[in-house]
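> Please find one structure pasted underneath; my questions will follow.
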Amino acid sequence: MKDTLTGLASISFVGKIIGRLCEYGLTALLAYFLGASSLGSFTVALVILRISGMVSRVGLDVAAQKYVPIYRHDPDSLQDLISFCIALPVIFGGILSVILFVLLSGPLGSVLSSSTTKYLVLATPLLGLSYVLEGIFRGFKDIENAVLIREIGISGIPVIVVSIVLALGGEIFITTIVYVLSLIVPVLIGIVRLESLNLNISTDLDLDVIGLLKFSLQASIEGSMSMVTSWIDILVLGMFVSSAKIGVYQVAFQTAFLLAFALVSVNSVFPAVASELYSENRLSELNNIYSVITKWVGSVTLLGGAFLILFADEILSIFGTEFNSALTPFILLVLSQLVAGLAGPVGYLLIMTGNERIQMINSIITAVLNLILNFALIPRFGIIGAAISTGFSIALVNVLRVIEVRYYQGLWPYGRDLLRILPAIIGGVVILYVGRRIGPPTVISMLLSGLVSGILFLILSVLSMNEKDQKLLSSIR
């Protein structure tokens, strides 16, 4: 198993590419076979499923990433921890799915506009358990199995089966049922892989359940609020605009969030690393890792953001002419992701350094603010109002996190090292700009400009690496 930070992040990065391509594939398939309206209806349903899945796992996916590294040398406690993390999402998720099904069969279903939503939420315990299993493997720094569960099981398999159904002429209802059944696969993958590690389920728990739940519930609230911040726009749009408009907005949203590749990949392994270093009081080493990660994630995000903004028209045209109206929301959402990338893995840093309460408060504040802004702006500005609300909330919470990490832990990721990589960023952006100005407005020209820009950025950034970069990226475990 890869055990260096760069090795783990590389595996995770490849996995995230696969997962994002699968999500993009699902969006494109629904848009192509069923149109923007059905894409919008399915998007609303999927958002509700993801929120219910987040609630059902009660933060145990994050708790596993913190406590597995701590208990991994105590087999009995580790077995108890894993058993509890698996059992609770199944029980709570099952109850929650039934409650939601009943509610969505009544007036709530008409408010959220999609009659298929009530069937999709039946997958709540499956989705919740899948993410917890993924979190357990990330706690072991076993990124191969974590990627297998999340990117292949949760993202890849549904796209494959849905594509088959759509190609055979299936409508939105059949597509929904097949999607629910496909989520059995990541659960089976996780259970089988756990057994291969000789990790069995225990029914006789000897565990500090109260302490575990105290941490996991705070992480759950923080995670739920973060998800609400990211997805409340879809829910509010479902109340005020047509499904077709939601479908258009979904394309802008998904495309803008391509910028999260680098950050999400590092976040896949950073919690376990940060937890270990903090528990051993190696704060200087933790700050070095934080600084290096933020520098590289921010740099990649800046270059990617420039690419998406300069070639926004060409990118949106891939989905069809009806999606051209997504241009302004798309650019606004891209700008918010630039702020998130420049902040680095600061959210997980707060949680893993004992400041989960602060992170929870941040998430509650921004979720409430996002909710208020969406209700205020969407009725007047439609999908542009949704982009303003969500983009501002994402940017705000990341700025708050950076300030709080500096205040509570004295950790600060920005220094002179950032100047060393500026030539690589500037060079890459210049190539993109020149390609956009002199090249024809085609997808091929866009891809060629992106390729040349990426190669130049890679060469210049490698040349800019100093001894600290090389040492930390190759040796920190």
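The values are calculated or read from the model by the stated rules, or taken from the named source; none is laboratory data. Source: prediction; values computed, not measured. Heads up, the Cβs are rebuilt from the backbone with ideal geometry, glycines too, and the neighbour counts pull from every protein chain shown.
> Return the total of residues in segment 324-350 being crowded, with 23+ Cβ neighbours inside 10 Å and over 19 Å from the mean Cα position of the chain (by Cα).
Adding up the residues that qualify gives 2.
> Just checking, how many residues over segment 385-438 are among the hydrophobic types (A, V, I, L, M, F, W, C) and either outside the structural domain of THR294 (by TED's automatic domain parsing) or under 22 Å from the mean Cα position of the chain (by Cα) (or both)?
12
> LEU181 - would you say it is out of contact with any strand residue (DSSP E or B) (no Cβ under 8 Å at 6 or more places or on another chain) and surrounded by fewer than 20 Cβ atoms within 10 Å (Cβ to Cβ)?
Yes.
> If you take just the helices (runs of 4 or more DSSP H) that sit entirely in segment 395-477, which of them hold at least 2 residues that are of a type outside the set (Gly, Ala, Ser) and in contact with an Asp or Glu (Cβ under 6 Å, 6 or more places away or on another chain)?
Fully inside segment 395-477 and qualifying: 443-464.
> Evaluate the following for ILE383: is it buried (at least 22 other Cβ atoms within 10 Å of the Cβ) and farther than 30 Å from ILE444 by Cα?
Here the answer is no, as ILE383 does not meet what is asked.
> Among the candidates LEU463, LEU472, single out the residue that is at pLDDT below 80 and not small (Gly, Ala, Ser).
LEU472
> Can you name every residue in segment 72-87 that is over 12 Å from LEU126 (Cα atoms) and surrounded by 18 or more Cβ atoms within 10 Å (Cβ to Cβ)?
Those that are over 12 Å from LEU126 (Cα atoms) and surrounded by 18 or more Cβ atoms within 10 Å (Cβ to Cβ): LEU78, GLN79, ASP80, LEU81, ILE82, SER83, PHE84, CYS85.
> Turning to a different aspect of this structure: Of all residues in segment 279-299, how many are over 13 Å from PRO345 (Cβ atoms) and surrounded by fewer than 22 Cβ atoms within 10 Å (Cβ to Cβ)?
8
> I've got another one for you. Looking only at segment 56-77, which residues are aliphatic (A, V, I, L, M) and at pLDDT below 85?
ILE70
> Could you look through segment 351-362, keep only residues that are surrounded by fewer than 24 Cβ atoms within 10 Å (Cβ to Cβ), part of a helix (DSSP H, G or I) and out of contact with any Leu (no Cβ under 8 Å at 6 or more places or on another chain), and pick out the one that is modelled with the highest pLDDT?
Among those residues, the one meeting the criterion is ILE361.
> Are any residues in segment 247-261 surrounded by fewer than 22 Cβ atoms within 10 Å (Cβ to Cβ) and among the aromatic types (Phe, Trp, Tyr), and if so, which ones?
PHE257, PHE261
> Going residue by residue through segment 412-432, is there one that turns out to be touching a Gly at 6+ places or on another chain (Cβ under 7 Å) and over 28 Å from LEU460 (Cβ atoms)?
no
> In the set SER202, SER220, SER243, which member is at pLDDT 85 or above and either over 19 Å from SER56 (Cβ atoms) or surrounded by 16 or more Cβ atoms within 10 Å (Cβ to Cβ) (or both)?
Answer to the selection: SER243.
> Residues that are under 22 Å from ARG193 (Cβ atoms) and hydrophobic (A, V, I, L, M, F, W, C): which helices (runs of 4 or more DSSP H) entirely in segment 59-173 hold 1 or more of them?
The helices (runs of 4 or more DSSP H) meeting that bar are 60-71, 75-104, 124-139, 143-147, 157-167.
> Do the conditions hold for ASN324, that is, is it free of Cβ contacts under 8 Å to residues at least 12 places away in the same chain, assigned to a helix (DSSP H, G or I) and touching a helix residue (DSSP H, G or I) at 6+ places or on another chain (Cβ under 8 Å)?
Considered against the rule, which asks whether it is free of Cβ contacts under 8 Å to residues at least 12 places away in the same chain, assigned to a helix (DSSP H, G or I) and touching a helix residue (DSSP H, G or I) at 6+ places or on another chain (Cβ under 8 Å), ASN324 comes out as yes.
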